[in-house]
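Enquirer: Sharing a structure here in structure tokens format.
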Amino acid sequence: MGCTVVGIDNMVLGKRSNLVQALQSPNFIFKELDVNDYETCAAFLKSQSQQGPFETVWHLAANSDIQAGGLNPEIDLKATFLTTHNILRLMQALEIPEIAFASTSAIYGEHPGVLHEDAGPLFPISNYGAMKLASEGIITAALERFLKRAWIFRFPNVVGSRATHGAIYDFLKKLERNPAELEVLGDGKQEKPYLHVSELIDAMIHLCENTKERLNYFNIAPQSSATTVRYIAEAVARAAAPGAKIRYTGGAKGWVGDVAKFSYSIEKLKATGWKPRLTSNEAVDLAIKENLAQKR
Ligand SMILES: NC(=O)c1ccc[n+]([C@@H]2O[C@H](COP(=O)([O-])OP(=O)(O)OC[C@H]3O[C@@H](n4cnc5c(N)ncnc54)[C@H](O)[C@@H]3O)[C@@H](O)[C@H]2O)c1
């Protein structure tokens, strides 16, 4: 509360229009920069730290286009792994003590059963998951060297307003182009937990305020529920283009590296006193409404 936030994004996937509200705040400073451009970032952050030292880095920069990363491994090496490496270098140079890191269910790979935080061994099946797991590894190594505290948040699928990717976003775009037919990758039986972005933010802030280990790592998800891709496709079609024919391309996975089904344990998160309000289907329904309202 009352903090100044300095945001950096190279806008390769981000949208400036999503920052319109934030930019109105006198407590938000934004600079379009590539965090892998170490020298420029170091100079910028040093100048900003004249106003007072940085307390925490919220590291959310990554490649969020998992399919693109499957086709070209360089993308996740640079955007998902080297961003973490360079952010840790910047943190060491500027003596920033704490990091909060956006990790993912993809680090678990196709692990059988409910995913607990201490599941293992971990064998990711996407370059994205591999580079996120490697990022977790260099964060824990940095704790040995100079970092004072880290929070690792393993997100499920996140939905909500101002989306730039994901199933709801893709389906709405496809129906905009062709309202008569919706092509869905896979057989529609993929089933994953979807969390609304408002609940994700609420959970992360709760965890930063209420967990004080040197290393704090948590799954964040809706309460023991998941949503099928078929549910999302039918709900989006109903809302955006009633009567559209849904055509499944077939096969259990949507794309190479897609973990088609998983289920998250959030017992560790609940033990800290945080509970999700929405089920996975409710989060999806709300996000469809929000994304449709934005288009108009
Ligand atoms: N949305 C989800 O379902 C989900 C699930 C699991 C994890 N995550 C993680 O949460 C974080 C936020 O994801 P999102 O869904 O908002 O995706 P996003 O693409 O909107 O956000 C990632 C941002 O990182 C920026 N970026 C990439 N490389 C950069 C670089 N070199 N320098 C500066 N900025 C760079 C992109 O421009 C983009 O704005 C990511 O780390 C993502 O891996 C998201």
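The values are calculated or read from the model by the stated rules, or taken from the named source; none is laboratory data. Just so we're clear, the structure is a prediction, and the values are computed from it rather than from any experiment. Positions of Cβ are generated from backbone atoms using ideal geometry, with glycine treated the same way; all protein chains shown enter the neighbour counts. For accessibility, only protein heavy atoms count, side chains too; no ligands or nucleic acids. Shrake-Rupley method; radii C 1.70, N 1.55, O 1.52, S 1.80 Å.
Enquirer: Here are Leu88, Leu133, Leu147: which of them is open to solvent by less than 50 Å² (accessible area, probe 1.4 Å), in contact with a strand residue (DSSP E or B) (Cβ under 7 Å, 6 or more places away or on another chain) and more than 25 Å from Ala283 (Cα to Cα)?
Expert: Leu147
Enquirer: In addition: Which residues, counting only those in segment 49-70, are assigned to a loop (DSSP other than H, G, I, E, B) and farther than 30 Å from Asp170 by Cα?
Expert: Gly52, Pro53, Phe54, Glu55, listed by residue number.
Enquirer: To continue, here is another question. Only residues that are open to solvent by less than 60 Å² (accessible area, probe 1.4 Å) and over 18 Å from the mean Cα position of the chain (by Cα): list them for segment 150-180, please.
Expert: Phe171, Leu172, Lys174, Leu175 - these are the residues of segment 150-180 that are open to solvent by less than 60 Å² (accessible area, probe 1.4 Å) and over 18 Å from the mean Cα position of the chain (by Cα).
Enquirer: How many residues, within segment 84-112, are over 22 Å from Leu200 (Cα atoms) and in contact (Cβ under 8 Å) with a residue 24 or more places away in the chain?
Expert: Residues in segment 84-112 being over 22 Å from Leu200 (Cα atoms) and in contact (Cβ under 8 Å) with a residue 24 or more places away in the chain: 15 in total.
Enquirer: Testing Ser225 on (1) open to solvent by less than 40 Å² (accessible area, probe 1.4 Å); (2) at pLDDT 95 or above; (3) among the hydroxyl-bearing types (Ser, Thr, Tyr), one condition comes back false. Which one is that?
Expert: Going through (1) open to solvent by less than 40 Å² (accessible area, probe 1.4 Å); (2) at pLDDT 95 or above; (3) among the hydroxyl-bearing types (Ser, Thr, Tyr) one by one, Ser225 breaks only (2).
Enquirer: Output the residue which, of all residues in segment 26-82 that are of a type in the set (A, V, I, L, M, F, W, C), open to solvent by 60 Å² or more (accessible area, probe 1.4 Å) and within 14 Å of the ligand (Cβ to nearest atom), is farthest from Phe146 (Cα to Cα).
Expert: Leu77
Enquirer: Now for a separate question. What do you reckon, is Leu195 in contact with a strand residue (DSSP E or B) (Cβ under 8 Å, 6 or more places away or on another chain), within 16 Å of the ligand (Cβ to nearest atom), open to solvent by 20 Å² or more (accessible area, probe 1.4 Å) and modelled with pLDDT of 95 or more?
Expert: Criteria not met by Leu195.
Enquirer: For segment 3-16, what are the residues that are more than 15 Å from Leu60 (Cβ to Cβ), assigned to a loop (DSSP other than H, G, I, E, B) and open to solvent by 80 Å² or more (accessible area, probe 1.4 Å)?
Expert: Hit for segment 3-16 is Thr4, nothing else.
Enquirer: Listed residues Val158, Val114; which is over 28 Å from Thr40 (Cα atoms) and touching a strand residue (DSSP E or B) at 6+ places or on another chain (Cβ under 6 Å)?
Expert: So the residue among Val158, Val114 that is over 28 Å from Thr40 (Cα atoms) and touching a strand residue (DSSP E or B) at 6+ places or on another chain (Cβ under 6 Å) is Val158.
Enquirer: Could you list all residues from segment 17-38 that are over 18 Å from His59 (Cα atoms) and assigned to a helix (DSSP H, G or I)?
Expert: Result: Ser17, Val20, Gln21, Leu23.
Enquirer: Please go through segment 230-288 and pick out each residue that is among the acidic types (Asp, Glu) and open to solvent by less than 70 Å² (accessible area, probe 1.4 Å).
Expert: Across segment 230-288, the qualifying residues are Asp258, Asp285.
Enquirer: Next up: For segment 214-236, state whether one or more residues are in a loop (DSSP other than H, G, I, E, B) and among the charged types (D, E, K, R).
Expert: Scanning segment 214-236 turns up at least one residue that is in a loop (DSSP other than H, G, I, E, B) and among the charged types (D, E, K, R).
Enquirer: Moving to a separate point now. Please state which one of Ala240, Ala244, Ala221 is farther than 28 Å from Lys268 by Cβ, hydrophobic (A, V, I, L, M, F, W, C) and in contact with a strand residue (DSSP E or B) (Cβ under 6 Å, 6 or more places away or on another chain).
Expert: Unique residue meeting the criteria: Ala244.
Enquirer: Based on what the data block shows, is Glu117 surrounded by fewer than 21 Cβ atoms within 10 Å (Cβ to Cβ), at positive phi and of a type in the set (D, E, K, R)?
Expert: No.
Enquirer: Kindly indicate whether Phe54 is in contact with a strand residue (DSSP E or B) (Cβ under 7 Å, 6 or more places away or on another chain) and aromatic (Phe, Trp, Tyr).
Expert: no
Enquirer: Still on this structure, please answer the following. Mind checking which residues of segment 201-213 are open to solvent by 10 Å² or more (accessible area, probe 1.4 Å) and in a helix (DSSP H, G or I)?
Expert: Ile201, Asp202, Met204, Ile205, His206, Cys208, Glu209, Asn210
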